Each structure stands twice: as structure tokens, then as C-alpha cells.
Amino acid sequence: MFSSLKVRNYRLFFLGQVVSNIGTWMQRIAQDWLVLSLTGSSTAVGITTALQFLPMLLFGLYGGVLVDRLPKRPTLLVTQAMMAVTGLALAALTLTGGVEVWHVYLAAFAVGLATVVDNPARQSFVSELVEPDQLQNAVSLNSANFQSARLVGPAVAGVMITGVGTGWAFFFNGLSFVAPMAALLLMRGRELRAVERAPRAKGQLREGLHYVAGRPELIWPIVLIGFIGTFGFNFPVVLSAYADDVFHAGAGAYSLFNTLMAVGSLTGALLAARRGTARLRVLVAAAVAFGALEVVAAFAPSLWLFALLMIPIGIAGLTVNVTANTSVQMATDPAMRGRVMALFMMVFMGGTPLGAPVVGWITDAYGPQVGLAFGGVVATAAALAVGLVLARVGGLKVSAVWNSGHPRVSFVKREEQAERAEQDVQEVRDGERREPVTSGA
């Protein structure tokens, strides 16, 4: 489960990200709660989330082209420094009492601009830290890292918001970027796995899109993660509304929801780290479960039942994320990985500027229950549709048979199903031959 941590460079990277991710989660919680406090509007929270992910939608593919051209380690040092400055600036505005909602909008957009390059760079840099047979494990541990921080960050943010104010959460986030920058500087360059960088040339963006479009094992997981990221992962919008409007429990409940979801997400990440391969059928099954659980949670009658449902939602959501991420990385040529992962993250994160305001408006107009259920229904429908497409592309067909008096449904090769049908017919004929003949009176 933790084999990648034996590699020194990856271990440094992992430890640096632990500290930074805690700060990131603290800022996310503080940012959403600050906007809600300033405006009283779930739509405004959705706009903040949208502005943070809008740059990925607009410029994500160009970020991937840059990542394929640039050395990853110096690039990450620059992007981490940019995000540190943004966090410290927002902390200064909040602590001095001069913060306005447009300041938060601007900070969210600035972080999004840095993320355009930072995200594909971090995703593809992992392949330079570990051997190919350790990539699945390293990607899963990165997700476990992020979700572990999600356990600590919201809890600390909740204490800070209620105790000393949101400004200190922003301040800690700014300081937290010192850890990953120090880790990058301490790495041994000779132990990095060299990846040939793409030369500067025309048509590289189009080349990346054409590369993905010709491979069903890439395009359909990306399509699925796009629908789920756009409509199913708008938790800052709906969870803040549940805490404030449905259960009237304040920032503590919002922090609790995020913490319990992180417990599930961490569990899902560790289970993914144990698996040897990323299977597309696991991706589709987890996506169906994720959507269905959101629909169930939408109409939970009590705070504690709603909170407990965050755990299985976290498990299913993280399984979707890790399985899609790993399957796409493993199926991509290293020279194209920056552009492909930029497309992956653009679709996953960049869809949020489209989905967050929509879900925010539905939440304001019809209530948080309808907003959450809407995302769950879209996620479930997308998972079922993509599952059927992948089955058809792979020459699979649904097979339903009775086994010991119980129905058994599975995907089998079309020729296997034909053989199975012939066997069933033959078994019936053999049974008829063995039946004793009885004569009438």
C-alpha cells in the first residue's frame, strides 16, 4: 500500500504536499464561509468556486502544452510561490477588516490561473519520481495525501473561523507552501526519471486533442469525469447551504460534513492504492454508486444521517477520481502526458464554472435538497451511458442468467455470450432426453 514512499524523492514530494494540502483545505473552507457571511447567497459561493476553476476551463489545454515543454520541478516552484502570495494577500485584507467579496473573487481567480500550470505539472511529475510499475500506487497515495489533509484542514479551519476569524486560515495557507517548495529544492536531480520534453512547435494543442480522440480508453473516462465534476462535485455550494439553511448548525456542521467526506475519501484512496490495476468497470460502478448516494443523501431527514452518508459518498467519489486519473495516465505516452492530463483536469475542474452557478441557482431557488439530487441524477445517468458505450466499444454485451435460483448480470464478450447461449440450449435438450416417459391410463 505504501511502496512508493520507499523512493526518497517521492517521499519528499509526499511530505511537502501534506502540509500544503492542509493549508489548501483550510483556505477552501474559510473562503466559502467568508463569501456566505458577506453575501448570504449560495449563488455567490458558486460564483467563487466557478472563478477558481474558470481559468482551467479557458486555458487548461495551453497549460498542458507548456508543461510538456518545461522542466517540471522549476515550474512547480514558480506556481507554488504564486499561490503562497495570493493566500498571504487575502489574509492581510481579511485581518485588517478591509476584505470585500470582489477581493475573494479576485483571489480565487488568481489561484485558478496558477493551477492551470501547477495541476498538470504535479500530475505528470509523479511519473518522474517513481518507476512505471509504481505509478498506480503513487497516484493513489497522492489522493490519500489530499484526503488526509481534508480530514485535518476543515477541522482546523472550523476552529479558526469560530475562534479567531477566517483571516488566520488564509495566513496559514500562505505559509504552508514553504513545505512543498523546500521538498522540491531538496530532491536529488540525478534520481529523477528523465522524460523527453516536447520541442516548441506549431499544432501541439491540436495534436494532443487528436491523440485523445482516437483512443476510447482515454476519451470516455474523460467524458464521464467531466459530467461528474461539473454537476456532482459542487459540495462547497450544497454543503454550506445544508449547514446554514437546512440544519441551521453553522460553520461547525459545514466542517463536520467535509471532515466525514474526507474519511470516506481517504478510505477510498487507500483501497485504490492496494489495487494493482485501474479497471474501467470499477470506474463505472463507482460513478453509479456516487450518483445514487447523492440522491439518497439529498432527502436525509436528520443532520446525523446526512453527515454519515458523506462517508460512502467520499469513498465512491474518490474511487471515481483515482481510477479515472490512473487509467488515463497509464494509457498515455509520457511525451503526451502533460497535454492529456491538462485535458483531464480541464474537463474535471473546468466544468465547475459551468456547473457551480447552475447548482447554486437551483439551491437558492428550489432548496439544497433539489440541488444535491440534481447532481446525483446527472452523475448516475452519465455513468450508465458511458458504461454502455465502453461495453459496446470493447465488444461486450450484458448477460443475464439464473444461477442457483438467483439472477446474475455481467458483461461478457459477444462471442462468449453466443457460446453460453448454445450451452444453455444444449443443457435443456440433454435434460429433455433424460426425462422419463410416462404413459397415460
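One residue stands out among those in the range 8-40 that are small (G, A, S) and within 22 Å of M160 (Cα to Cα): the one that is modelled with the lowest pLDDT, which is G40.
Within the option set T166, T115, T162, being farther than 28 Å from P71 by Cβ, among the polar types (S, T, N, Q) and at pLDDT 80 or above holds for one residue only, T166. Of the numbered criteria (1) closer than 27 Å to F257 by Cβ; (2) in a helix (DSSP H, G or I), the one V99 fails is (2). Against the test of being within 30 Å of V164 (Cα to Cα) and not aromatic (F, W, Y), the options A272, A287, A253 yield a single qualifying residue, A253. Being under 23 Å from the mean Cα position of the chain (by Cα), farther than 27 Å from M341 by Cβ and assigned by TED's automatic domain parsing to the domain that holds M181 holds for only one residue in V45, V35, and it is V45. When we screen P334, P236 for residues that are surrounded by fewer than 24 Cβ atoms within 10 Å (Cβ to Cβ), on the phi < 0 side of the Ramachandran plot and either assigned by TED's automatic domain parsing to the domain that holds D68 or touching a helix residue (DSSP H, G or I) at 6+ places or on another chain (Cβ under 6 Å) (or both), the only hit is P334. Of all the listed residues (E294, E217), the sole one being within 20 Å of the chain's Cα centre (by Cα), of a type in the set (D, E) and modelled with pLDDT of 90 or more is E294.
For (1) more than 29 Å from G314 (Cβ to Cβ); (2) β-branched (V, I, T); (3) in a helix (DSSP H, G or I), each residue gets a yes or a no:
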residue	(1), (2), (3)
D68	yes, no, yes
A91	no, no, yes
G112	no, no, yes
T115	no, yes, yes
A121	no, no, yes
S140	no, no, yes
P154	no, no, yes
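The values are calculated or read from the model by the stated rules, or taken from the named source; none is laboratory data. In this text the structure is predicted, and so the values were computed from the model without any measurement. Cβ: placed from backbone, ideal geometry, glycine included. Neighbour counts: every protein chain shown.
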